[in-house]
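Worksheet: the structure to be examined is printed underneath.
Readers should treat all values here as calculations from the given coordinates under stated rules, not as data from a laboratory. All values reported here derive from a predicted model rather than from experimental measurement. Using ideal geometry, Cβ is built from the backbone for each residue, glycine included, and neighbour counts are taken over all protein chains shown.
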Amino acid sequence: MRASELAKRLDGTLEGDDVELVACGGLEEARPGDLSFCKDPKHVKLVETTKASAVLLPPDWDRGAPCAIIRVTDPNHACMAAAKLFAPPEPVRAPGVHPTAIVDPSVRLGAGVHIGPLTVIEKGAEIGEGAVIEAQVFIGEGCRVGEATHIYPQVTLREGTVVGKDCILHCGVRLGGDGYGFNNGRRPDGSVFIEKIPQLGIVEIGDGVEIGSNTTIDRARIGRTYIGPMTKIDNLVQIGHNVKVKGYSGLIAQSGVAGSTEIGYGCLIWAQAGISGHIRIADGVQVGPQAGVPQTLDGSVKYVIGAPAESMRDFGARLLLPKQVAKLKAELKDMKSHLPPH
Amino acid sequence: MRASELAKRLDGTLEGDDVELVACGGLEEARPGDLSFCKDPKHVKLVETTKASAVLLPPDWDRGAPCAIIRVTDPNHACMAAAKLFAPPEPVRAPGVHPTAIVDPSVRLGAGVHIGPLTVIEKGAEIGEGAVIEAQVFIGEGCRVGEATHIYPQVTLREGTVVGKDCILHCGVRLGGDGYGFNNGRRPDGSVFIEKIPQLGIVEIGDGVEIGSNTTIDRARIGRTYIGPMTKIDNLVQIGHNVKVKGYSGLIAQSGVAGSTEIGYGCLIWAQAGISGHIRIADGVQVGPQAGVPQTLDGSVKYVIGAPAESMRDFGARLLLPKQVAKLKAELKDMKSHLPPH
Amino acid sequence: MRASELAKRLDGTLEGDDVELVACGGLEEARPGDLSFCKDPKHVKLVETTKASAVLLPPDWDRGAPCAIIRVTDPNHACMAAAKLFAPPEPVRAPGVHPTAIVDPSVRLGAGVHIGPLTVIEKGAEIGEGAVIEAQVFIGEGCRVGEATHIYPQVTLREGTVVGKDCILHCGVRLGGDGYGFNNGRRPDGSVFIEKIPQLGIVEIGDGVEIGSNTTIDRARIGRTYIGPMTKIDNLVQIGHNVKVKGYSGLIAQSGVAGSTEIGYGCLIWAQAGISGHIRIADGVQVGPQAGVPQTLDGSVKYVIGAPAESMRDFGARLLLPKQVAKLKAELKDMKSHLPPH
């Protein structure tokens, strides 16, 4: 888009060359063809060195720029508006079933549903009104997908999985795989056996849940693995069988929750944290990045960190140990030097 | 299913309303429509507050319940039986090749094999008797899949991969990707080069192995990456090139094993643990959750934890350091106060 | 292949039985049917106990072997040559579009492109000359894939993703998923809201980048998530939105980089390490396995380890604390015993 056209759409004024612009970017990352923005005179150095082809600046900016300037009342806000203009257009997923989709005749499809190419939906499944199921998805027998839920390509839902309304499942999400459960032991003759414990339950996802790419959630051994409403799960997260996430919680990338654990309302589990099985995280508790939680957190501490997880205060004290020990050592030496010889 | 019908099937007696039941669940998680169970009078409080519509109780239970009661000899056992009745019926994967599967004419299919829709099997592959290959799977050239092995949707086996008998591969498993191997350096002119090292080997999976959703196992640089019999691997696990897992071991979710390492028989690698490359874990050793193992474990310590991994005793001592240091500090201060001034 | 045939191809001499050989393997891992190798007399014990059917040995080896011997000038080099002979033949991906691929008429395909079965390419996408897109891939609207890039089965590129020349994307790679971004808060009435922040940018991958199985890279909130040239990413890695990896860096398995962080040139992020958002890792810095980096690394320390990450020196000192504290305790006790009673 031409800078002049963009200036018009953003209610701004172009100063300088009418360059072609293709994307937005921060002042430091921007390249030729990019539009950047600055509202704070403090960042004048970044403006001076930016490689952007145009920059959004406020009316009172008097330091110039090494590229075209588009003056706007609120550069932040104008940049968001411009980002929408530059964004790849959202693909239209019109109602209808692609002729290459394989949908069992018993499947009930709500009004306005989109089923993409090469998607498989097995018998007895139900897809709610206005849901979008993109290409190459697998939806097993008896699954239920709620209204207006969006499933991106190459997601798999094993049989019996239930997904609520207004959910978003990103590419490669795996719902309903067998939980990890085996009985081990030795037979009377001393030989080892490892027997699979049947995983007879399902996964149930509440309304408004978003699940990131390649995240895995296992079916319950008995009953349900449950992800409550409005929970937001990032990429590559692992949720074990019979976990219950009550709702309105966040689980950041590569975190994991072991079997039968309960996560309260409004919790935040940061990246790469691990939570043991058969414990409880109270409402509103945050588990820091890479923390390891071996036992129930009753909410008396609101943020834990470290492995095993502890309060920020205890964790901070632990970090200071080397200095403290060095100081003790010095004091002891000093004291020794003042003692009478023995 | 009606409570009365269920009572009949479980050899029990119904007391109370003949409610409709749809699932099993623990006393705390259960919702209306659920059947729960209790055998221990200690848990009477949980029974009193359960939201289940019916509860399995032993013959001598005299504390009542806020819902229907089904009296059975062994509530635990009856609950397992009920779970099977409530479980989503296992999909039937009848012998035959789905017309949309793309199977090279040279592929050898054993008797009774099921090949699901939109699955691709390339030339020279062999699928053993009774194997189930579900929808949208990719099996590369010359792969061999053993008898009665079950491959869930959207698994990929790169060329030459060998999978044993009675294995289970869950959705999104990736076998035979190139291992991470590059030669880096500088050319005489000072410029940097990064060259791919050809990954010429394969992945070989023994009999009775189960591999969880989205787990990745790389092909060997030379020879085989080997997962021995009866090994059970959870979700999102990473196994590097030329790793050898001797057999009868477990690798829990999000753990990782770097290249050329050997894991002995009967090991257990807990969630999110990481094991360095080119080392050896002796038979029967357990590596705790989030542990980091930088060097060979010869079996003299049976359980390690922490990063770098150490014995429980050493790890426990480390956890106590803040208290010990505080005590030393207090003692030192006390001692000082009793010294003559200098 | 017969040992005699192999000896001929490797310019070696066979001594012993003309056994059939099917693979290569180290002395310890080798099984009947394998060829192994040894050049160092120090490893004579391993040769004596190997289960290989033949072993490559240097001309001056005089300790014999329990199997056939192929004498060659350089056993290492000969083993690499043999590995190539035993490797599964690389599948031929001839130019052409498989009849079951679903390619929008508007897609521009370069000369010699291979499009595998059941692959979906949406409107406006461009595939460069000589690129190989294998089976069951999804390429969204307006994506651009560079010349000679190889995309393995079951990769997904969401709309607008740009991939450079000579890249390799392994099975299950997910590019362009929505970044994790939500606005949370409370409405005037006290109720909680969690709103999705539109993710309007793209993912752009430079030339010569390799990305491992099931790795996920999120699209930018605005602008680009950028992976610079020659970067090598392993399996199950997570890269957040708006991350910038300048180039020539390595990210090992299961590591993660949170949003808006910049990784310099020539960095190495080891397995399971985690890097916080909105920070900067200077050129050439290495982040050790399982390290957690909470703040910018300016390059004054070249290798960091631990969580929070510190220098090897500081990390080493921390590991020694238990010993130091025990020593202090003993000294204190000793000192006390020499003080006058009070």
Next item on the list: For region A:3-86, give the share of DSSP beta bridges that are antiparallel, in percent and rounded to the nearest 5; count only bridges with both residues there.
Entry: 25
Notebook entry, point to check: Is it possible to state the helix-based mean residue ellipticity at 222 nm for chain C, with each DSSP H run of 4+ residues giving -39500 (n - 2.57), the sum divided by total residues, to the nearest 500 deg cm²/dmol? What is it?
Noted result: -4500 deg cm²/dmol
Margin query: Above 15 Å lies some portion of the pair distances; for region C:42-150, what is it as a whole percent of all C-alpha pairs?
Written below: 71
Next item on the list: For region C:79-219, calculate the relative contact order in percent as a whole number, restricting contacts to Cα pairs under 8 Å that are 6 or more residues apart.
Entry: 16
Next item on the list: Any lysines with Cα under 26 Å of the B:Lys329 Cα? List them, leaving off those in the same chain fewer than 8 positions away.
Entry: A:Lys323, A:Lys327, A:Lys329, A:Lys333, A:Lys336, C:Lys323, C:Lys327, C:Lys329, C:Lys333, C:Lys336
Notebook entry, point to check: What ranking do B:Glu204, B:Glu90, C:Glu20, B:Glu310 get, fewest neighbouring Cβ atoms within 10 angstrom at the top?
Noted result: B:Glu90, C:Glu20, B:Glu310, B:Glu204
Next item on the list: Take B:Ser337, A:Ser249 and order them by how many other Cβ atoms sit within 10 Å, fewest up front.
Entry: B:Ser337, A:Ser249
Note to self: Report the number of Lys pairs in region C:96-314 whose alpha-carbons are under 28 Å apart, with separation of 8 or more residues or on distinct chains.
What the structure shows: 12
Check: At a Förster radius of 45 Å, what calculated FRET efficiency corresponds to the Cβ-Cβ distance of B:Glu28 and A:Ala94, to the nearest 0.05?
Finding: 0.50
Check: Mind checking which aspartates and glutamates have their C-alpha under 20 Å from A:Lys42, skipping anything on the same chain fewer than 8 residues away?
Finding: A:Glu28, A:Glu29, A:Asp60, A:Asp62, A:Asp74
Item checked: Relative contact order (percent, whole number), chain B, Cα cutoff 8 Å, 6+ residue spacing -> 6
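Under 8 Å for C-alpha pairs, at least 6 residues apart: give me the relative contact order for region B:3-86, rounded to a whole percent. It would help to have the intermediate numbers written out before the result.
Working: 177 pairs, mean separation 26.8, N = 84.
Relative contact order of region B:3-86: 32 percent.
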Check: Anyone know which of B:Ile139, B:Ile194, B:Ile211 comes out most mobile in the 10 Å Cα GNM of chain B?
Finding: B:Ile194
Check: Dividing the convex hull volume of the Cα atoms of region C:3-86 by its residue count, what figure in Å³ per residue is obtained?
Finding: 73
Check: Nearest-5 percent of antiparallel DSSP beta bridges in region C:96-314?
Finding: 10
Check: Local charge sum around C:Gly128 (other residues, Cβ-Cβ under 15 Å, Lys/Arg +1, Asp/Glu -1)?
Finding: -2
Next item on the list: Enumerate the lysines that C:Lys8 could reach by cross-link, defined here as Cα to Cα under 20 Å, with residues fewer than 8 away along the same chain left out.
Entry: C:Lys39, C:Lys84
Note to self: Please give the Cα centre distance for region A:121-182 versus region A:1-26, rounded to the nearest Å.
What the structure shows: 42
Notebook entry, point to check: Considering every residue in A:40-46, what mean count of other chain Cβ atoms within 10 Å of its Cβ is obtained?
Noted result: 0
Margin query: Within 10 Å of each Cβ in B:174-184, how many Cβ atoms from other chains are there, averaged over the peptide?
Written below: 6
Check: Under the definition of partner shielding as Cβ atoms of other protein chains within 10 Å of a residue Cβ, what is the mean value for peptide B:144-154?
Finding: 3
Notebook entry, point to check: So how far, in whole Å, is the C-alpha centre of region B:204-225 from the one of region C:246-284?
Noted result: 27
Note to self: With 10 angstrom as the radius, rank B:Ser300, A:Ser311, C:Ser213 by how many other C-beta atoms surround their C-beta, starting from the fewest.
What the structure shows: B:Ser300, A:Ser311, C:Ser213
Notebook entry, point to check: When you take every Cα atom in chain C, what is the radius of gyration, and what is Dmax, the widest Cα pair distance, in Å?
Noted result: 28.0, 97
Notebook entry, point to check: What is the distance, in nm, between label points placed 7 Å from the Cα along the Cα-to-Cβ direction at C:Lys84 and at A:Met1?
Noted result: 5.4
